[in-house]
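The values are calculated or read from the model by the stated rules, or taken from the named source; none is laboratory data. Everything quoted here is computed from the prediction, not taken from an experiment. FYI the Cβ positions are ideal-geometry reconstructions off the backbone, even for glycines, and counts take in every protein chain you see.
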Amino acid sequence: MTSAPSLWAITRRSLVKDLRLEWRSKDAINSMLFFALLVVVIFSFGFDPTAEESRKIAGGLLWVAILFATVVALNQTWTREIRNQVMDAYRLSPAPPQALFLSKTIGNFIFVSILEVLMVPLFVVFYNLRSVGPVWQLLVVALLATWALVVNGTFFAALSIRTRSREIMLPLILFPISIPALLAMVDATTSILTGDNSPIFWMRLLAVYDLVFTTVSLVLFEPVVNAE
Amino acid sequence: MKILFKSCLVLTALLLGYGFCQAMYIAPTEATMGDVQRIFYYHLPSAWVAFLLFFVNFLASVWYLIRRSVAADAMALASAEVGVSFCTIVLITGPIWARPIWGIWWTWDARLTSTLVLWLIYVSYLVLRHYASGGQVPVLAAALGIFGFVDVPIVYMAIRWFRTQHPQPVIGGGQGSGLDPTMWHAVLWNLAAFAMLAFMFVWVRYRQAIVEHELEEAHAQASLDYETEGAQ
Amino acid sequence: MNPAANNNAYLYAAYIVVWVIHSVYALSLFSRGRHMKREARELNAANAQSRR
């Protein structure tokens, strides 16, 4: 006699399925990688600063670039589900919808992190960046910031599935809500790069943001998905 | 009901008139800023009313997700619309006040900037409501209303910290500045007046939202009848 | 003489803006109300028609 699978088990299974599908088709990752590369290059053409200036603006530019790449990635996430009518299958299954949400969010987190791993070295090269502050802090900021973008982004991507002009609706809804997180990630990055200020408050703010919105998303996901 | 509505309308007009007198004539002229400071008596109450309306939207959104009632959804829509209207007023009167006093239209003042973000959030709510199609829009909007309101304290904390890191002029005086007691009269009368005005707007818009819903149902019913008749 | 008297233009501008915005919103309510009344009347007429 087997017990019902735990939330975590279902999440992991769903996530593994997504990653395997993604690995086989490679369509989303490839287009996103190229998009990320383009964004970095184009921004570099637009802004050609000295070393001192570059430390001040690189944070803002990098996170804006990642934000746009994330939106492209997010729109992808649910399209495949719709195409294969997987949403209906999930709704019929006894599995908790939170598992679906978590697996999607973690999947997006991994994808965006891969993008960052590509984009950041490019930024460093193009802007001759060298951080005044400790690099491990930048890593923490990146983890918290990426989760902040991805958790709300995944939720709202699900939200905007059935809406007219879906592609523009997602950023329109996502950006205002994300402003405090964006402010935090940009200012934290700039603080660390220039060494002018302490990023600790911003890191705490990002942690609070992540906690609050992960909870809200998990709580609200079920009524939303059942409404589709 | 009609009589109640009409008498509330009269009360609103009276309050607005008296509030205007308070703001323009009865309240004393401010020492350093002069008469321009009187904008404050419209600026601050509008901000409080807008915030109250967004709170109502939050409550209505939560209620809608629990009960799925048409009334809750109508209230959410009405309060968001009127809230955005008052919030727009705050964002325009703020810079108009700032310009002659500090010589700049805009400053990343914590309160004004937080208001801007608040405005953006609820405008995105209205965009979702008006441009998204599908019978599930009320559910999605309710979720967005909840997200938006939960975000507000975080927005305020973030921008306040940002401001202490990058100091700028503060509109309306810093934390320490108090108001002359006679000035409080003007603030409170106008608060009552604009709260009544908001109440009237929401009342009307709420009723209209309910009727809109009924009309939609009637249309759907009519086309159903038409089809069944055609089949006969 | 109030030294800041020339700033009164800003004061009036602000108050006018407030009333314009409220009036515009009130007008939008009126026009929606009228539109819905007409729609309701048409629906009633159509219903009455189909019942004959």
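Sort out which residues of the range B:109-119 are part of a helix (DSSP H, G or I) and either more than 8 Å from every other protein chain (Cβ to nearest Cβ) or surrounded by fewer than 19 Cβ atoms within 10 Å (Cβ to Cβ) (or both), and write them in order of number.
At the first step, the residues of the range B:109-119 found to be part of a helix (DSSP H, G or I) are B:110-119.
Hits for the range B:109-119 are B:110, B:111, B:112, B:113, B:114, B:115, B:116, B:118, B:119.
If we keep just the residues of the range B:187-217 that are among the small types (Gly, Ala, Ser) and more than 13 Å from chain C (Cβ to nearest Cβ), which is farthest from residue B:80 (Cα to Cα)? Step through it out loud before you land on a result.
Within the range B:187-217, the subset among the small types (Gly, Ala, Ser) is B:192-193, B:195, B:198, B:209.
Remaining after also requiring more than 13 Å from chain C (Cβ to nearest Cβ): B:192, B:195.
Working: B:192: 20, B:195: 15 Å.
Only one residue fits best here, namely B:192.
Are there any helices (runs of 4 or more DSSP H) wholly within the range A:83-167 with 3 or more residues that are buried (at least 16 other Cβ atoms within 10 Å of the Cβ) and modelled with pLDDT of 85 or more, and if so which? Break it down into steps so the answer makes sense when it comes.
Values: elements: A:86-92, A:97-127, A:135-159.
Because the criterion is at least 3 residues that are buried (at least 16 other Cβ atoms within 10 Å of the Cβ) and modelled with pLDDT of 85 or more, the helices (runs of 4 or more DSSP H) in the range A:83-167 that meet it are A:97-127, A:135-159.
One line per residue, one yes/no per condition, for (1) modelled with pLDDT of 95 or more; (2) within 28 Å of residue B:34 (Cα to Cα):
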residue	(1), (2)
C:4	no, yes
C:8	no, yes
C:15	no, yes
C:18	yes, yes
C:25	yes, no
C:37	no, no
C:42	no, no
C:45	no, no
C:48	no, no
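Exactly one condition in (1) over 18 Å from residue B:122 (Cα atoms); (2) within 10 Å of chain C (Cβ to nearest Cβ) is false for residue B:70; which is it?
(2)
If you check every pair at least six apart or on different chains, which have Cβ atoms under 6 Å apart with a residue in the range C:2-25 that is more than 7 Å from chain B (Cβ to nearest Cβ) and in a helix (DSSP H, G or I) first and a residue that is exposed (fewer than 11 other Cβ atoms within 10 Å of the Cβ) and modelled with pLDDT of 95 or more second?
Going by the 6 Å Cβ cut-off, there are no qualifying pairs.
Among the residues of the range A:47-67, which ones are modelled with pLDDT of 75 or more and surrounded by fewer than 13 Cβ atoms within 10 Å (Cβ to Cβ)?
Keep residues of the range A:47-67 that are modelled with pLDDT of 75 or more, which gives A:53-67.
Passing the criteria: only A:53.
Identify, please: which residue in the range B:24-67 is of a type in the set (A, V, I, L, M) and free of Cβ contacts under 8 Å to residues at least 60 places away in the same chain and is, among those, farthest from the other protein chains (Cβ to nearest Cβ)? Before you say what the answer is, go through the steps one by one.
To start, the set of residues in the range B:24-67 that are of a type in the set (A, V, I, L, M) comprises B:24, B:26-27, B:31, B:33, B:36, B:39, B:44, B:47, B:49-50, B:52-53, B:56, B:59-60, B:62, B:65-66.
Right, trim to free of Cβ contacts under 8 Å to residues at least 60 places away in the same chain and you get B:24, B:31, B:39, B:59, B:66.
Values: B:24: 8, B:31: 10, B:39: 4, B:59: 15, B:66: 9 Å.
Out of the qualifying residues, it is B:59.
Collect the residues in the range B:8-19 that are among the hydrophobic types (A, V, I, L, M, F, W, C) and in contact (Cβ under 8 Å) with a residue 40 or more places away in the chain, keeping them in residue-number order. Quick ask: steps written out before the conclusion?
Of all residues in the range B:8-19, those among the hydrophobic types (A, V, I, L, M, F, W, C) come to B:8-11, B:13-16.
Across the range B:8-19, the qualifying residues are B:8, B:9, B:11, B:15, B:16.
Suppose we keep only residues that are touching a residue at least 40 places away in the same chain (Cβ under 8 Å) and within 7 Å of chain C (Cβ to nearest Cβ) within the range B:82-108. Which one would you say is surrounded by the fewest Cβ atoms within 10 Å (Cβ to Cβ)?
Ranking the qualifying residues of the range B:82-108, first place goes to B:100.
I'd like to verify a number: residues in the range A:198-218 that are more than 9 Å from chain B (Cβ to nearest Cβ) and either under 20 Å from the mean Cα position of the chain (by Cα) or part of a helix (DSSP H, G or I) (or both), how many? Give the derivation first.
Our first condition is that a residue be more than 9 Å from chain B (Cβ to nearest Cβ); within the range A:198-218, this holds for A:198-200, A:203-204, A:206-207, A:210-211, A:214-215, A:218.
Narrowing further to those that are either under 20 Å from the mean Cα position of the chain (by Cα) or part of a helix (DSSP H, G or I) (or both): A:200, A:203-204, A:206-207, A:210-211, A:214-215, A:218.
Qualifying residue count, the range A:198-218: 10.
Which condition number in (1) of a type in the set (Gly, Ala, Ser); (2) closer than 17 Å to residue B:146 by Cβ; (3) more than 11 Å from chain B (Cβ to nearest Cβ) is the one that residue A:195 fails?
(2)
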